[in-house]
Amino acid sequence: MVCVLLFAAAAGAETIKIGFNIPLTGDIPKVGEMAKQSAEMLKEQINAAGGVDVGGKKYMLEFVYVDNETKPESAVNAALKLIEGEKVLAMVGPMGSGRAVPAGEVANNLKTVMVAPWSTNPKTTLDRPYVFRACFLDDFQGPVAAKFATEQLSAKTAAVLFDVAQDYSKGLSEFFKKSFEELHGAGSVVAYETFTTKDVDFSAQLTKIIRTKPDVLFTPQYYNEVPLIVRQARELGFKGPILGSDSWGSAELMGLCGDDCKGQYFVTHYAAAGAKGATKEFIDTFNAKYGQIPDDVGALTWDATNMALAAIKNMGALSGDLSKDRDSLREAMASMRGFEGITGTMSFDGTIGDPAKCAVIVKIDDAGEFTYHETVCP
Amino acid sequence: MLETIIQQGVNALQLGSYYSLIALGYCLVYGVLLLINFAHGDIFMVGAYIAFFCATAFLGHYGLIDAGMPGWIVLALTVPLTMLLTSGVGIFIERVAYRPLRLKGANRLYVVITALMMGIILQYGNLSMLGASRKAFPNLVPRVLFEIGGATVTSLKLASIVTCFLVFGLLQWIVTRTKIGMAMRAVSYDKFAVPLMGIPLDIVIVFTFFLGSSMAGLAGLLYAMNFPVLDPFMGALVGWKAFIAAVVGGIGDIRGAFIGGFLLAFLEVFVAATFSSELRDLISFTILLGILSWKPTGLFGKPRTTKI
């Protein structure tokens, strides 16, 4: 099922069309919902203020949302639909790397700027001049998690449980294993177990993991799998800490996980609690509008879209020739320096679309809130 | 080492109890109507959602009753209500989707296709009514962990395993020892001669769907309690696997479905434990394929001869 939502702009005014390739159904629908809410809020603010100013001319925003069902093949179709069918100037999304890596190939081949807000796998942007992202990479996140486990959780051995069919989980697990073994020697990752998407019973793998007595269990999975993994690990008698990655940070995690996830840590992009300045303003506006605290997906979508709009402003003028405008938008994106986002400052060096950003480590406290623990910068 | 084997054995017993409960439902309907009810996995999903709404309603989430009822009473009320409502869904599907085709004397192939479509309707009906967000099944009873021979078991896992054995015993008793069971076997033997003997065919068929769907509801409830993240497509994969288990066990024989479910679970768990989980489905289904090519009617199945 592909649902397309068209929002017609004010009649008469010229518009800029941006496409969103997001998971509105499938395994992680909350991610798509958050992204859409965030984008809608941005669009309303900008259109209410008269639109985007490009070289003295005002353009209204038109956002097109296409559901990628959290499936790689649907993400490719959604990208084609947005780029070829809807003729968007730029595409925001997909969110997770499992979808962003294949969709990035399409966007790059069709010479259209894609900004992936939440995709951390290096392959998303690698050798793809048209693909950018608004977050850190897994080759940074993996070492951050390994260092945190070592220093703060005093772990000497670790176990990893991940979905081998997900580019994101597989890549991040490899980076974690590599850097943990650099710190503690070969063989310190005592168990490295896999499962495949849609599995719900992890008891066989967890039994193997628990027999190796790891100090910490690292599991870079999405919010729909984390509750099952954490609960089953506890039921099989694992008492150590369970460490997560940025995929944990959905607003829906605690509703599904409950008490089992309390006291655990994960690496993420931003912490809503204790935010200041523009970040706080974003959180408060979002909360007032939708009645919930935006998670990292919401914040990163906001940044990714805003960054694309800033690049459009920097273009100076829109020619009306789509392929020419897409090319000059790519140049404007690649030369973006010091963009002040709500999740950090982003710059591109002109060769690759990866900003250098800091990671935040968040603790899930006894009230189930994601509380700020520390910031790690590259 | 022994402890690990015992623990994996317990894991497999737990997983097998869901496969078996679902396979029993496939098997009952097939045994009586020779119809593969492909919607059964989705009836199981509906059962899990019904259990979710019953449990949360009894916990006072919708303001229908006051909150504060103890968890075990909620559970005691949820079990029969879930089974009843789910069997209602099963009977409804039989009534609107299968019976019209049966009365028109349609080929069984068309009924099977209808069943597949019914499954898809249930999945997407749920998706459009309740949205794609996951539902978290509430904790009804406190989790008690205890150790048996070095293996850690929860009270809930034990309850699932024991329930599955009880259900198997009950179904075996109904089918082999009661009058309605005899009628079910008679319908299976000759659907055209049975009404001539004064056996009400429709009642026997409705009763079969009642039994099969209430087992799916029970399986859905137990499954939701153990894997408390519900989504509209949760029944599809489990349903297929249970169906394969029923076929390998010998579809149409209750013992076959029961053993087949546990056989599949043991294969899956021990392959994942010995090799890597990427090889799990590959190896375990290759073994099942081997069993079928050795005994095409399944472990307990008997070849049927078609008389002309």
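Please work out the C-alpha center-to-center distance from the stretch B:67-117 to the stretch A:203-258 and express it in whole Å.
Distance between centres, Cα-based: 35 Å.
Give me, ordered by chain and number, the residues 5 or more places off A:Gln221 or on other chains with an amide H under 5 Å from its own placed amide H.
A:Ser245
Which values of log₁₀ I(q)/I(0), to two decimal places, follow from the Debye formula for the protein assembly as shown at q = 0.10 Å⁻¹ with a uniform point scatterer at every Cα?
Log10 of I(q)/I(0), two decimals: -0.98.
The stretch A:244-350: D in µm²/s via Stokes-Einstein (Kirkwood Rh, Cα pairs, 25 °C, 0.890 mPa s)?
D, rounded to a whole number, is 154 µm²/s.
Please report the equivalent ellipsoid semi-axes of the stretch B:1-124, computed as sqrt(5 x eigenvalue) of the Cα gyration tensor, largest first, in whole Å.
31, 25, 11
Write out the trypsin sites (Lys or Arg not before Pro) in the stretch A:265-364 meeting two conditions: DSSP loop, and at most 16 other Cβ atoms within 10 Å of their Cβ.
A:Lys276, A:Arg337
Report the semi-axes of the equivalent ellipsoid for the stretch A:7-116 in whole Å, largest first, where each axis is √(5λ) for an eigenvalue λ of the Cα gyration tensor.
The three semi-axes for the stretch A:7-116 are 25, 16, 10 Å.
Using the alpha carbon gyration tensor of the stretch B:38-196, what are the three equivalent-ellipsoid semi-axes (square root of 5 times each eigenvalue), largest first, in whole Å?
Here the semi-axes work out to 34, 24, 15 Å.
Can you give the longest stretch of chain B with no exposed loop site, where a site means chymotrypsin sites (Phe, Trp or Tyr not before Pro) in a DSSP loop (not H, G, I, E or B) with at most 11 other C-beta atoms within 10 Å?
Here the longest run is B:63-191.
Please name whichever of A:Ala251, A:Val230, A:Ala103 sits farthest to the positive end of the charge dipole of chain A, dipole taken about the Cα centre and charges placed at Cβ: Lys and Arg +1, Asp and Glu -1.
A:Ala103
Using only C-alpha atoms and all pairs of different ones, pull out the Kirkwood radius for the stretch A:138-268 in Å with one decimal.
Taking the inverse mean of 1/r over all distinct Cα pairs, the stretch A:138-268 comes out at 14.3 Å.
Per the helix-only calculation at 222 nm, which mean residue ellipticity applies to the protein assembly as shown, given -39500 (n - 2.57) for every DSSP H run of n ≥ 4 and division by its residues, nearest 500 deg cm²/dmol?
-17500 deg cm²/dmol
In Å³ and rounded to a whole number, note down the convex hull volume per residue for the Cα atoms of chain A.
125 Å³
Dipole size in debye (nearest 20) for chain A around its Cα centre, Lys and Arg Cβ +1, Asp and Glu Cβ -1?
280 debye
Go from 0 up to the bin containing the longest alpha carbon distance in chain B, width 20 Å each, and give me the % of pairs per bin.
Percent of pairs per bin, in order: 32, 57, 10, 0.
Can you return the lysines within cross-link range of A:Lys178? Criterion is Cα-Cα under 17 Å, with same-chain partners fewer than 8 residues away left out.
Qualifying lysines at Cα under 17 Å: A:Lys147, A:Lys156, A:Lys170.
Pop out the ³J(HN,Hα) list for the stretch A:113-125 in order, Karplus 6.51 cos²θ - 1.76 cosθ + 1.60 with θ = phi - 60°, rounded to Hz; leave Gly and Pro as x.
Result, ordered by residue: 5, 10, 10, 8, x, 10, 8, 9, 6, x, 5, 4, 9 Hz.
Starting at the first residue of the stretch B:220-237, write each ³J(HN,Hα) from the Karplus equation 6.51 cos²θ - 1.76 cosθ + 1.60 with θ = phi - 60°, in whole Hz, x for Gly and Pro.
Once rounded to whole Hz, the list reads x, 4, 5, 4, 5, 5, 8, 10, x, 10, 9, 9, x, 9, 5, x, 5, 5.
With r as the distance between the Cβ atoms of B:Arg177 and B:Thr274 and R0 = 35 Å, compute the FRET efficiency 1/(1 + (r/R0)^6) and round to 0.05.
0.30
Given that compact globular proteins tend to follow 2.2 N^0.38 Å, what is the ratio of the alpha-carbon Rg of the stretch A:154-200 to that value?
It is 1.19.
Evaluate E = 1/(1 + (r/R0)^6) for A:Ala186 and B:Ser128, where r is the Cβ-Cβ distance and R0 equals 45 Å; express this FRET efficiency to the nearest 0.05.
My answer for the efficiency is 0.30.
How large is ³J(HN,Hα), in whole Hz, for each residue of the stretch B:125-135 in order, when computed from phi with the Karplus curve 6.51 cos²θ - 1.76 cosθ + 1.60 and θ = phi - 60°, using x for Gly and Pro?
After applying 6.51 cos²θ - 1.76 cosθ + 1.60, I find x, 5, 4, 6, 7, 9, x, 7, 5, 6, 9 Hz.
What is the gain in length, in nm to one decimal, between A:Tyr372 and A:Glu151 on full extension, counting 0.36 nm per residue of separation less the C-alpha to C-alpha distance?
77.9 nm
Every read-out reported here was derived from the displayed coordinates using simple, explicitly stated rules and does not represent laboratory data. Note that the coordinates shown come from a computational prediction; the quantities given were computed from them, not determined experimentally. Because the Cβ atoms are built from the backbone with ideal geometry, glycine has one as well, and the counts that use them run over all protein chains shown.
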